[in-house]
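Structure, as structure tokens:
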Amino acid sequence: MPLSALGWRYLDKCVITGVTSMMFSKNATFSKNTFAVSVAMGLALMAASNSAFSQDLARAQGRVSDPGVRGGPAGGGAPISAADGLNENELKQFNEGKFRATELEATCETCSQIIPGTMSGESPFLNTITNSAGLGARFNGDQCSVCHSQPDIGGSGGFFVPNPVEAKRDPSKAQRPENPMFRLIPHRHGQTNKTPSFIKQYGPIREARFKFKSDGTRDGGVHQLFTVVGRDDDPGNAGCSIKQPDFETELANNNISFRIPLQLFGLGLIDTIEDQEIIKRHDASAAYRARFGVAGRTNRSDNDGTITRFGWKAQNKSLTVFAGEAYNVEMGVTNELFPQATDETDNCNVDKPHPNDVARTANNDLTNDSFFNPIHIFADWMQFTFWMRFLDAPKPVALTAQAQRGQQVFADSGCAACHTPQMVTAATTQSPSVEGKTANLYSDLLIHHMGANLADNVIQGQAGVDEFRTQPLWGVGQRLFFMHDGRTNDLVQAIREHVSPATPANPRTKLPALPASEANLSVFSYFAKNPADQQALLVFLRSL
Ligand code: HEC
Ligand code: HEC
């Protein structure tokens, strides 16, 4: 796959003109010492390889390759084990939360095909029966699991059989699994949605953020791809005639940024890491980071000032907040955390309570919402949290000798300057299952300037237009697509995409002047290694 023109040309240019110019970027967070060490490192790198460096790069292109998505058992999806401290009640909460995350939404209580909260007996990968109700006028998906399924429920974005109703009648008619946003979600129950051109049949699940509003001010928000117009199971919605946004025009105007789903495995551990642990790890790596010119900073909550850590820009505070927000933003289901609908058009919200998903107070359990049944009393958004809290971390496979070599190359190349291999969760929590545990997450949970090549021109909290959270690499061995917008399915390309020079303000992309990517030196250092070492790193990553 070709490197984005920018990155590849820049790699060449650096080797010729010297890494030094790149280091004198506008990145104010570098200290003088950092500069000196980094420049020395850059020069050493050049001196060592010089023009051989670019030849190495060119040669390596053909010789190293991503081993591809790891086969074998799914490395994630199971609850934390009893041996690791999960008790029976927590397991029940996990199971109920997982079940609710696979429920298929209808738009009203009476049009759900079976009573909401009732098990349909279907495989979560072949859902056809609606057993929940609350789907909003606009949405990206109609169940959590449709976007979090790879390599198992709770993972990142995966593929689905596009014709489940037919496939259930006659399994031989099941079509090849594909991106569920291509045909399955937009047309479920007669919906008449048009699939935007950026949703490809075998491409990544994507949600769309608009960079600017039509008046030129910043937008940055999610614009849901689909509407409930045309649904054949809800007579109340017959008068609903809202339109999908004009994605093709926005696309032509370069006004859309994409985000792909993140995996949910191990998030209970990330939720339980104390701020002081994040800061301590960052401080401890100062000398190592300086060698590679890596800075990094926190994104923090405007409300309580603590470190936010979920989402591609570390924009969200907690698992619970993310669950409530995803329910409203992705599926249009209003809840106690996000009580107002993203589209309040009356005709498209007929008879729908707002908020829809709240703590249950029924006197009996006939509709699975009894105040007296502990497993039914919590609202979905809270129950999703329990599921995610107790979803076990992704399990790597045993490292072969080559993978172990790759782990060393990962450290030697400075990848670990951002992708911090380990953090330890809080020493005292309410559950031994997440208490004092080592999370092998490969992330510092901090945001970094990645430069113009990755910049999405969206600001979230302190995260600016080109800043992203170091993507945790646990589970990367079984992921289909990489980087925030899913621009590649090739690990080698994903690494190259980290590279970016400092750039002046650009009127066409509406990006301000940006510093060079903090990852430049690390990536150069990796591509300067011999092909066997480069390959070993890829094998290591696919073991995770
Ligand atoms: C239409 C697809 C889609 C659906 C449906 C969906 N998600 Fe997501 N999920 C995403 C995307 C895209 C992201 C990354 C968002 C970002 O950072 O901007 C994400 C991120 C997350 C994260 C953050 C993970 C991390 O490592 O920081 C959590 C938690 C999450 N989703 C939970 C849920 C829950 C719970 C549901 C159901 C209520 C749900 N999602 C439904 C697409 C989806
Ligand atoms: C300056 C910090 C930094 C350094 C150094 C760095 N990375 Fe990253 N890495 C990131 C960030 C930030 C992302 C997410 C980028 C985005 O959102 O598009 C990322 C994403 C990735 C991904 C994609 C994972 C996914 O699930 O999408 C891979 C693979 C990866 N890095 C590997 C590496 C390797 C290998 C190295 C060393 C050669 C490295 N990184 C060095 C910050 C860094």
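The values are calculated or read from the model by the stated rules, or taken from the named source; none is laboratory data. Bear in mind the structure is a predicted one, so any value in this text is a computation, not a measurement. Cβ sites come from the backbone with ideal geometry, for glycine too, and all protein chains shown count toward neighbours. The accessibility values were calculated without ligands, DNA or RNA, using every heavy atom of the protein model including side chains. Shrake-Rupley method; radii C 1.70, N 1.55, O 1.52, S 1.80 Å.
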Using a Förster distance of 51 Å, how high is the FRET efficiency between THR217 and LEU399, based on the Cβ-Cβ distance and rounded to 0.05?
0.55
Rough spin-label spacing in nm, given labels placed 7 Å along Cα→Cβ, for GLU109 and ALA82
3.9 nm
Decide, for the range 60-216, between rounded, prolate and oblate: order the square roots of the alpha carbon gyration tensor eigenvalues as a ≥ b ≥ c, take rounded if a/c falls under 1.5, and otherwise choose prolate if a/b is larger than b/c, else oblate.
rounded
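Provide the FRET efficiency to the nearest 0.05 for the ASP346-ASP246 pair, computing r from the beta carbons and using R0 = 35 Å. Before the final figure, lay out the partial values.
On the way: r = 23 Å, r/R0 = 0.66.
It comes out at approximately 0.95.
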Distance between the range 203-251 and the range 93-151 - C-alpha centres, whole angstrom:
21 Å
Antiparallel versus total DSSP beta bridges in the chain: what percent is that, nearest 5?
85 percent
Give me the 1.4 Å probe accessible area per residue for the chain, excluding ligands and nucleic acids, in Å².
40 Å²
What residues from the range 374-393 fall in the zone where the backbone N is under 20 Å from a label point 7 Å along the Cα-to-C-beta line of ASN89?
374-391
Given points 7 Å out from each Cα along the Cα-Cβ axis, report the ALA532 to VAL69 separation in nanometres with one decimal.
3.2 nm
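Accessible area, 1.4 Å probe, largest first: how do THR509, THR342 sort?
Numbers: THR509 25, THR342 75 Å².
Sorted by accessible area, descending: THR342, THR509.
Beyond a 31 Å Cα-Cα separation, which of these cross-linked pairs lie in this structure: LYS200/LYS280; LYS280/LYS395; LYS211/LYS437?
Values: LYS200/LYS280 42 Å; LYS280/LYS395 26 Å; LYS211/LYS437 39 Å.
Long pairs (Cα-Cα over 31 Å): LYS200/LYS280; LYS211/LYS437.
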Quote the accessible area belonging to ARG70 in square angstrom, nearest 10, computed with a 1.4 Å probe and with ligands, DNA and RNA left uncounted.
40 Å²
Distance in nm between ILE459 and ALA174 label points, each 7 Å along Cα→Cβ, equals 4.9 nm
Descending accessible area (1.4 Å probe), largest on the left, turns PHE378, PHE226 into PHE378, PHE226
Leaving ligands, DNA and RNA out of it, work out the accessible area of TYR202 with a 1.4 Å probe and give it in Å² to the nearest 10.
90 Å²
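Percent of accessible area on the range 95-173 owned by carbon and sulfur, 1.4 Å probe?
Its accessible area is 56 percent carbon and sulfur atoms.
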Need one value: the accessible area of LEU446 in square angstrom, 1.4 angstrom probe, rounded to the nearest 10.
0 Å²
For the range 242-354: rounded, prolate or oblate by the Cα gyration tensor [a/c cutoff 1.5]
oblate
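With an 8 Å Cα cut-off and a minimum separation of 6 or more residues, compute the relative contact order for the range 271-398 in percent. Don't skip to the answer; put the middle values down first.
Working: 132 pairs, mean separation 19.6, N = 128.
About 15 percent, as a whole number.
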Could you point to the residue in PHE322, GLY311, GLN407 farthest towards the positive end of the chain's charge dipole, with +1 and -1 charges on the Cβ of Lys/Arg and Asp/Glu respectively?
GLN407
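Suppose every Lys and Arg Cβ carries +1 and every Asp and Glu Cβ carries -1, with no other charges. What dipole size does the chain come out with about its Cα centre, to the nearest 20 debye? Kindly include the intermediate steps, with their values, before the conclusion.
Working: 50 positive and 55 negative charges, 452 e Å.
Dipole magnitude for the chain comes out near 2180 debye.
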Which of the DSSP-defined H helices in the chain satisfy a minimum axial length of 27 Å, computed from C-alpha atoms, and a minimum mean Kyte-Doolittle hydropathy of 0.0?
32-63
Of the options ALA519, PRO507, VAL492, report the single residue whose Cα projects farthest towards the positive end of the charge dipole of the range 492-544 (beta-carbon charges: Lys, Arg +1; Asp, Glu -1).
PRO507
